[in-house]
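The values are calculated or read from the model by the stated rules, or taken from the named source; none is laboratory data. Note that the structure is a prediction, hence the values are computed from the model and not measured. Reconstructed Cβ throughout: ideal geometry from the backbone, glycine too, with neighbour counts over all protein chains shown. Side chains included, ligands, DNA and RNA excluded: accessible areas come from the protein's heavy atoms. Shrake-Rupley method; radii C 1.70, N 1.55, O 1.52, S 1.80 Å.
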Amino acid sequence: MSTIAGIDLGTIFSALARLNGIGRPEIVPNSEGERITPSAVYFDEEEDGAIRIGLEAINCRQLNPERAVRWIKRHMGDPAWKKTIDGRDWTPQEISSLILKKLKQDCSVEGEIKDVVISVPAHFDETRRKATMDAGTLAGLNVIGIINEPVAAALYYATTQKVCGRVMVYDLGGGTFDVTILDVDGSSIDIVCSQGDHALGGVDFDKKIIEMFEDAYRKEYRTELIQNEQDRAKYEDEAEDIKKTLSRRNVVRKILYGPAGSMRVEITRQQFEEAVEPLMARIEILIEVALEEAKCSVKDIQKVLLAGGSTRMPIVQQRLEKKFGYPPEIAVNVDECVALGAAIHAGLTLLRDNPQKVPAGIAAGLKEIRLKDVCNHSYGTICAPIDEATGRHVIRNSIILKKNTPLPCEATQTFYTMSDGQTQLEVTITQGEDEDPDFVNKIATEIFELPPNRPANRPIHVRYSYDVNQRMHCRFLDEESGRTLDVEFCAGGNGQMNRINIERSAEELSSYKVQ
Ligand code: ADP
Ligand code: MG
């Protein structure tokens, strides 16, 4: 029987946890004995086809930043992003699959890792979710589900700590920020809502330190400190070190070596905290929006749970204590709780869909746990109803599935063809809250071919459903002809990544060695 596992595929670090014989999740260390693996990739120029993942990739990166990839999660689902190495174009999901392959390889020592749940930020859209699943498939994994990172963290907290009532998970990682509000009653968890920003994380705090270095150097020498990519790679690493040191100490001193000479700089925690104020303000706004969405206030939140390495910054904990009147909970390891929760979710998913695959001890360990998740975004379609005041068609985003509906959920709306003889309908799937199509994210557009020679106003039923694995499905049905169009969310080259080319790509990728 293969091992049931959860994977936290993070911007900075990734981790894998498996369920032990009694259904408790445990982190599986990588081949270097580390419990978390840097999500960094380095294409070695020395050994043909060898790809270094993790700490070694970080260490090699300064030698040749052009052959290194970090922070790939920020590009997940972007069809325009690619990295060209020795004439081969690598997509974000292929790069991510290399990281997953290393985890699979290193952690399969005690039993093959096959059925996994991979975690994603709560605010990841459909394309990014699909790209994450594709990355798993490309790595030879069977991705049985996707879980939102703060939900995974909450699942782990709720099943291992004493948590009760309405709680908030504050997840500040390396690349993303998520805040989730949930109700916990014993091992029963109901997600209320989530908010987040996929471009707000630890690396943005590092950038503030780099800016402080650059300003100091410019002031001293009227010259730019960072002249090329190699310099940038070096100062990115140093800025992160300084940021972490400032979590423990009040002041850090450092020598900057630039083109015009060296200089000594001193950064105090207070200076750093002033510089990151705009980032903290964005976080506060997202917390307020989440509270508003949950229709509650600060005093209704009984506990704040932390996840993500960046929550070690004292400013995070101080701000939370000031806002909520009590300190946040840091009882579990913030680097590991997402992977551990994802492993629990993998067990719950298999127990529901494929119980014969779950050993009795694991099933018994999980039997009390109940998770009720919600749909993370509103999904709609673009339509052209007639405006009553002007009698003209207006372009509108019509929401079909509303944000925060408990999963699984399904909703259908009916629209009508606009002209006589209309044989095509352009269907657009949107994600977002606004009525104005310019303010929502268009996640897929396809052409629905209709029968010829029909008058206008033929009904088209649009059904959206959202499954418990955090994936959305859409079906357009032409009532008269019975024709249907199912929309898949893809993020490969030209938006195409179907099963056949995933299999082909997986086969090609299997010839690359990861170390
Ligand atoms: P992700 O899930 O996005 O990969 P993690 O949750 O692993 O991110 O957190 C990594 C981030 O946490 C990095 O930006 C790192 O610099 C930051 N971090 C880790 N430890 C500390 C610390 N002691 N003080 C400040 N930041 C820290
Ligand atoms: Mg994380």
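The test for being among the charged types (D, E, K, R) and exposed (fewer than 14 other Cβ atoms within 10 Å of the Cβ) does not hold for ARG396. Any chance segment 287-299 includes a residue that's within 16 Å of ligand 1 (Cβ to nearest atom) and within 25 Å of the chain's Cα centre (by Cα)? No: segment 287-299 contains no residue that is within 16 Å of ligand 1 (Cβ to nearest atom) and within 25 Å of the chain's Cα centre (by Cα).
Please determine, by comparing only the residues of segment 9-20 that are open to solvent by less than 20 Å² (accessible area, probe 1.4 Å) and of a type outside the set (A, V, I, L, M), which one is farthest from GLY136 (Cα to Cα). Checking each candidate, the answer is THR11.
No other residue among TRP71, TRP90 is modelled with pLDDT under 95 and in contact with a Gly (Cβ under 8 Å, 6 or more places away or on another chain) apart from TRP71. Evaluation of GLY23 against the conditions (1) small (Gly, Ala, Ser); (2) buried (at least 23 other Cβ atoms within 10 Å of the Cβ); (3) at negative phi shows that the sole unmet condition is (3).
Looking across segment 110-156 at every residue that is assigned to a loop (DSSP other than H, G, I, E, B) and touching an Asp or Glu at 6+ places or on another chain (Cβ under 6 Å), the one that is modelled with the highest pLDDT is identified as PRO121. Selection of segment 158-176 for residues being modelled with pLDDT of 90 or more and either in contact with a strand residue (DSSP E or B) (Cβ under 6 Å, 6 or more places away or on another chain) or surrounded by fewer than 22 Cβ atoms within 10 Å (Cβ to Cβ) (or both) yields GLY165, ARG166, VAL167, MET168, VAL169, TYR170, ASP171. Go through segment 304-314 residue by residue and tally those that are away from ligand 2 (no atom under 14 Å from the Cβ) and buried (at least 21 other Cβ atoms within 10 Å of the Cβ). Qualifying residue count for the region: 2. Taken across segment 240-260, residues that are in contact (Cβ under 8 Å) with a residue 24 or more places away in the chain, in contact with a strand residue (DSSP E or B) (Cβ under 8 Å, 6 or more places away or on another chain), away from ligand 1 (no atom under 16 Å from the Cβ) and open to solvent by less than 30 Å² (accessible area, probe 1.4 Å) do occur, with at least one present.
In contact with a strand residue (DSSP E or B) (Cβ under 9 Å, 6 or more places away or on another chain), open to solvent by 30 Å² or more (accessible area, probe 1.4 Å) and either without any contact (Cβ under 8 Å) to a residue 60 or more places away in the chain or away from ligand 2 (no atom under 16 Å from the Cβ) (or both): is that true of ASP183 in this structure? Yes: the conditions hold for ASP183.
Considering only residues of segment 198-222 that are open to solvent by 40 Å² or more (accessible area, probe 1.4 Å) and in a loop (DSSP other than H, G, I, E, B), which is farthest from LEU172 (Cα to Cα)? Checked segment 198-222; the qualifying residue farthest from LEU172 (Cα to Cα) is ARG222. Just so you know, in segment 323-356 the residues that are among the acidic types (Asp, Glu) and open to solvent by 30 Å² or more (accessible area, probe 1.4 Å) include one that is farthest from ligand 2 (Cβ to nearest atom), and it is ASP353. Of the residues examined, TRP81 is one that is without any contact (Cβ under 8 Å) to a residue 12 or more places away in the chain, open to solvent by 10 Å² or more (accessible area, probe 1.4 Å) and among the hydrophobic types (A, V, I, L, M, F, W, C). Looking across segment 428-460, not a single residue is assigned to a loop (DSSP other than H, G, I, E, B), open to solvent by 20 Å² or more (accessible area, probe 1.4 Å), touching a Gly at 6+ places or on another chain (Cβ under 8 Å) and farther than 13 Å from GLU480 by Cβ. Considered as a group, the residues in segment 149-180 that are small (Gly, Ala, Ser) and farther than 15 Å from ASP335 by Cα include one that is farthest from ligand 2 (Cβ to nearest atom), and that residue is GLY165.
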